[in-house]
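Trainee: Encoded as structure tokens, here's the structure I'll be asking about.
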Amino acid sequence: MFDPSKPILTLTDKAKDHVKRLMSKAESDAMGLRVGIKTAGCSGLQYVVEFATEKKPFEDMIEQDGVNIFIDPSAVMFLIGSEMDWVEEKFSSRFEFNNPNEAARCGCGESFTIEG
């Protein structure tokens, strides 16, 4: 699963634009967004996106076109090679992850499992 030659995470243009909009409205101490994984949902894992006010120990930081994304160290092995996108639909909008490590996603799309 772990391939060090692949970037941990890349962002689409829509995701970068949305992060820039979020950062323009964020508290002054926000340095970027943090992406992590938590145990939740019917498939076992969920993505977590939150403001980052500091770089935590052992955290990777990705800078892409002026956008800073901090990767929670416990999430790195789950995210290698993923793409973060911003999706706007009629009744919802959200960050969406195209993750080659996912083995399955629940029916509602809120959680996933990893190959392994």
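Trainee: Run SER74 past the list (1) loosely packed, with under 14 Cβ neighbours inside 10 Å; (2) more than 16 Å from ASN101 (Cβ to Cβ) and report the number of the one that doesn't hold.
Mentor: Going through (1) loosely packed, with under 14 Cβ neighbours inside 10 Å; (2) more than 16 Å from ASN101 (Cβ to Cβ) one by one, SER74 breaks only (2).
Trainee: OK, next. For region 69-77, indicate whether the set of residues that are over 14 Å from LEU9 (Cβ atoms) and modelled with pLDDT of 95 or more is non-empty. Please lay out each step first, then the result.
Mentor: Step one: list which residues in region 69-77 are over 14 Å from LEU9 (Cβ atoms), which gives 74.
Retained after the next criterion (residues that are modelled with pLDDT of 95 or more): none.
Within region 69-77 (the criterion being over 14 Å from LEU9 (Cβ atoms) and modelled with pLDDT of 95 or more), the answer is no, since none of the residues qualifies.
Trainee: For region 92-102, enumerate the residues that are surrounded by fewer than 16 Cβ atoms within 10 Å (Cβ to Cβ), modelled with pLDDT of 90 or more and not basic (Lys, Arg).
Mentor: At the first step, the residues of region 92-102 found to be surrounded by fewer than 16 Cβ atoms within 10 Å (Cβ to Cβ) are 92-94, 98, 100.
Now restrict to residues that are modelled with pLDDT of 90 or more: 93-94, 98.
Answer for region 92-102, where residues must be surrounded by fewer than 16 Cβ atoms within 10 Å (Cβ to Cβ), modelled with pLDDT of 90 or more and not basic (Lys, Arg): SER93, ASN98.
Trainee: Go through region 10-36 and give me each residue that's surrounded by fewer than 19 Cβ atoms within 10 Å (Cβ to Cβ) and in a strand (DSSP E or B).
Mentor: Listed by number, the list holds a single entry, THR10.
Trainee: Something else now. Over 10 Å from the mean Cα position of the chain (by Cα) and among the polar types (S, T, N, Q), is that true of SER82? Quick ask: steps written out before the conclusion?
Mentor: Numbers: over 10 Å from the mean Cα position of the chain (by Cα): no; among the polar types (S, T, N, Q): yes.
Here the answer is no, as SER82 does not meet what is asked.
Trainee: So, one more: Being outside any strand (DSSP E or B), at pLDDT 90 or above, acidic (Asp, Glu) and in contact with a helix residue (DSSP H, G or I) (Cβ under 9 Å, 6 or more places away or on another chain), is that true of even one residue in region 41-61?
Mentor: Going through region 41-61, the residues outside any strand (DSSP E or B) turn out to be 41-43, 53-59.
When the remaining residues are screened for being at pLDDT 90 or above, the result is 53-59.
Now restrict to residues that are acidic (Asp, Glu): 54, 59.
This time we only want the ones that are in contact with a helix residue (DSSP H, G or I) (Cβ under 9 Å, 6 or more places away or on another chain), so: 59.
Yes, region 41-61 contains at least one residue that is outside any strand (DSSP E or B), at pLDDT 90 or above, acidic (Asp, Glu) and in contact with a helix residue (DSSP H, G or I) (Cβ under 9 Å, 6 or more places away or on another chain).
Trainee: Can you give me the number of residues within region 50-63 that are under 18 Å from PHE95 (Cα atoms) and buried (at least 16 other Cβ atoms within 10 Å of the Cβ)?
Mentor: Number satisfying all stated conditions: 2.
The values are calculated or read from the model by the stated rules, or taken from the named source; none is laboratory data. Everything numeric in this text was worked out from a predicted model, so none of it was measured. Counting neighbours? That spans all protein chains shown, and the Cβs are built from the backbone with ideal geometry, glycine included.
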